[in-house]
Amino acid sequence: MKFFRPEAVPGFLSAIGLLLVWTGVSRFFLPTFLPSPLALLSQMFSIFSHAAAYLVIGKTLERVFAGLVLSMLLGSLIGLVMGLRRSVESFFDGWIMVLLTFPSICWAFLAVLWFGLSDIAPIFTIVLIVLPYVAMNIWEGAKAIDRELSDMATVFRAPRFLFLRKVLIPQLMPYIFSSLRISFALSWKIALVSEAFGASRGVGKELMYWFQGTRADMMLAWGASFMLLMVAIDALVLRPWENRVFSWRPAAV
Amino acid sequence: MATHAVVIDGLCKKFPSPNGRGEFTVIDSLSLQIACGSFASIVGPSGCGKSTLLNIIAGIEPRDAGEVRVQSQDGADSGARIGYVFQSPRLLNWLTVEDNIKFALEAQNIGRSSWNERVTKYLHMVGLAGQERNFPLKLSGGMQQRVAIARALAIEPDILLMDEPFSHLDEITARKMRVDLMQILEHARPTILFVTHSLREAVFLSEEVYMMSVKPARIFKHLRVDIPRPREPEDPRLFDLEKGLVKEFFAVLEQDFR
């Protein structure tokens, strides 16, 4: 492990620069309108010194997770069948286009009208927006399946389930992981928007609350906390998982 | 006890023409019998339909007419085990060497209790003992092809189909593999149908050589190679056989292209 890496210097400098400019500019405004970095940090600490904050975050995470898992499962299934069967491809093709082009914000509002203030509204919104991206991605993957390997499996008389587990799905893994990353990034943003006007509790609801109280500092504190949490999930869960799944690949030089 | 591992009778295969109109005949009423336990080679120029023939036998390519029977040693028509070594290894790169072999064993419904024993036995046979836990992409091309051979042998096939298995390797590696294959086959002796475009390879490896001409594919010559094993690649008798066959080949090819 090297502690000094020359290539990291520009990034480090730009971060320092941003903090300095931010501190400077914040002197001209009320702390509730634009807090200094230090003030923001102390707000974040004060938020998380109350147990209620963890319940709020937990609720949002629960919805993000449910929406993500549902979109991944349904999207992968639809994408896979589309890639493998011509007739199904044309059946879903139009629907995917409809979902991709329909304005996201409409779904968020419609979900509240249809399902009221419940868990269903944010999850429904996530699924409708994220699912088509997943389906498109897996569809691409299923079309790129190596026919030579399929023939090999046929020659050795691999039953369908074995073929699926050992031949087909491993070939889709790169597409599944890229879908997962896009879905994860999209899901939590959608969850917050949807919660802002369609939930009784959640990080989105907090943002709405502090917005109505014109407390920019609290909004930033909540936003930054949630961002840190998402970065942590990416670094501590998604990346190690991906590295493990692809450990068979020779290290890139 | 069946006397023939493969019986092909009046096989026809047509492909759609490249120009989109009509179809052309790749294989025309081809008949062939491969005796149990023999090592037979089919030699022909590229594009003559050799691989298509193997794929029809393996059941991954449909046929248009004729009969193809693959029989197990005990004479049962269905359930004959077919092993296949392709031009490229066609390994599942995300599985370890060991799991690649177990994939074939599981596909063939072979009892789990014998898996470890077979993996060890056949990896040892192809000279890859100790590579069980390695991933295919960490191995050289020649070693990957050895894994593919071990995979095909591990199911203890009634017939082993080999489609130019050494043509993707450099000549020195290929040569070593041919000699090693001979040694391997002293321990495991399935019936082998080996396809190649190299007369030298065919004559060195096999007991029966079938020569195939192009468009449509038919067998115009059958030759027994009676030189006892182990054979030396430089054996002058092999050269003589090869020279004779080359001559006949050109005579037939010239007729074909006239």
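The values are calculated or read from the model by the stated rules, or taken from the named source; none is laboratory data. Since this is a predicted model, take the numbers as computed values, not measurements. When we count neighbours, we look across all protein chains shown, and the Cβ atoms used for this are built from the backbone with ideal geometry, even at glycine.
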Here the residues within the stretch B:107-130 that are under 22 Å from the mean Cα position of the chain (by Cα) and farther than 20 Å from B:GLY142 by Cα are B:ALA107, B:GLN108, B:ARG118
Looking only at the stretch A:233-253, filter to residues that are under 26 Å from B:GLU132 (Cβ atoms) and part of a helix (DSSP H, G or I); which one of those is nearest to the other protein chains (Cβ to nearest Cβ)? A:VAL245
Look through A:ILE105, A:ILE78, A:ILE129, A:ILE120 and report the one residue that is closer than 20 Å to A:LYS143 by Cα and among the β-branched types (Val, Ile, Thr). A:ILE78
Please verify whether A:VAL69 is outside any loop (DSSP other than H, G, I, E, B), surrounded by 14 or more Cβ atoms within 10 Å (Cβ to Cβ) and free of Cβ contacts under 8 Å to residues at least 24 places away in the same chain, treating the condition exactly as stated. yes
Exactly one of these conditions fails for A:PHE184: (1) closer than 23 Å to A:LEU41 by Cβ; (2) in contact with a helix residue (DSSP H, G or I) (Cβ under 7 Å, 6 or more places away or on another chain). Give me its number. (1)
Before we move on, is A:ALA108 closer than 30 Å to B:GLN108 by Cβ and either within 14 Å of chain B (Cβ to nearest Cβ) or among the aliphatic types (A, V, I, L, M) (or both)? no
Can you name the condition, by its number, that A:LEU117 falls short on among (1) in a loop (DSSP other than H, G, I, E, B); (2) among the hydrophobic types (A, V, I, L, M, F, W, C); (3) within 14 Å of another protein chain (Cβ to nearest Cβ)? (3)
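Pick out the one residue from A:THR23, A:THR60 that is surrounded by 10 or more Cβ atoms within 10 Å (Cβ to Cβ), under 19 Å from the mean Cα position of the chain (by Cα) and either touching a residue at least 60 places away in the same chain (Cβ under 8 Å) or assigned to a helix (DSSP H, G or I) (or both).
Working: A:THR23 fails: under 19 Å from the mean Cα position of the chain (by Cα).
The match here is A:THR60.
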Matching option when the condition is in contact (Cβ under 8 Å) with a residue 40 or more places away in the chain, outside any loop (DSSP other than H, G, I, E, B) and surrounded by fewer than 14 Cβ atoms within 10 Å (Cβ to Cβ), among A:ILE138, A:ILE78, A:ILE105, A:ILE129: A:ILE105
Just for helices (runs of 4 or more DSSP H) wholly inside the stretch A:155-231: which have at least 3 residues that are more than 14 Å from chain B (Cβ to nearest Cβ) and more than 18 Å from A:LEU70 (Cβ to Cβ)? A:169-198, A:203-212
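Of the residues A:SER49, A:SER87, which single one is surrounded by fewer than 18 Cβ atoms within 10 Å (Cβ to Cβ), of a type in the set (Ser, Thr, Tyr) and at pLDDT below 90? Please lay out each step first, then the result.
Working: A:SER49 fails: at pLDDT below 90.
Exactly one residue qualifies, and that residue is A:SER87.
So which residues in the stretch B:92-110 are in contact with a Leu (Cβ under 9 Å, 6 or more places away or on another chain) and either surrounded by fewer than 21 Cβ atoms within 10 Å (Cβ to Cβ) or not polar (S, T, N, Q) (or both), if there are any at all? Spell out the reasoning first.
Of all residues in the stretch B:92-110, those in contact with a Leu (Cβ under 9 Å, 6 or more places away or on another chain) come to B:92-93, B:97-103, B:106-107.
Correct list: B:LEU92, B:ASN93, B:VAL97, B:GLU98, B:ASP99, B:ILE101, B:LYS102, B:PHE103, B:GLU106, B:ALA107.
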Run B:ARG224 past the list (1) within 25 Å of B:LEU11 (Cβ to Cβ); (2) touching a residue at least 40 places away in the same chain (Cβ under 8 Å) and report the number of the one that doesn't hold. (2)
Counting only residues that are loosely packed, with under 15 Cβ neighbours inside 10 Å, over 18 Å from the mean Cα position of the chain (by Cα) and hydroxyl-bearing (Ser, Thr, Tyr), how many does the stretch B:1-47 have? 3
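Given A:SER225, A:SER200, A:SER150, which one is modelled with pLDDT under 90 and among the polar types (S, T, N, Q)?
Working: A:SER225 fails: modelled with pLDDT under 90; A:SER150 fails: modelled with pLDDT under 90.
After applying the criteria, what remains is A:SER200.
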State yes or no: is B:PRO136 closer than 19 Å to A:MET152 by Cβ and either touching a Ser or Thr at 6+ places or on another chain (Cβ under 9 Å) or not hydrophobic (A, V, I, L, M, F, W, C) (or both)? yes
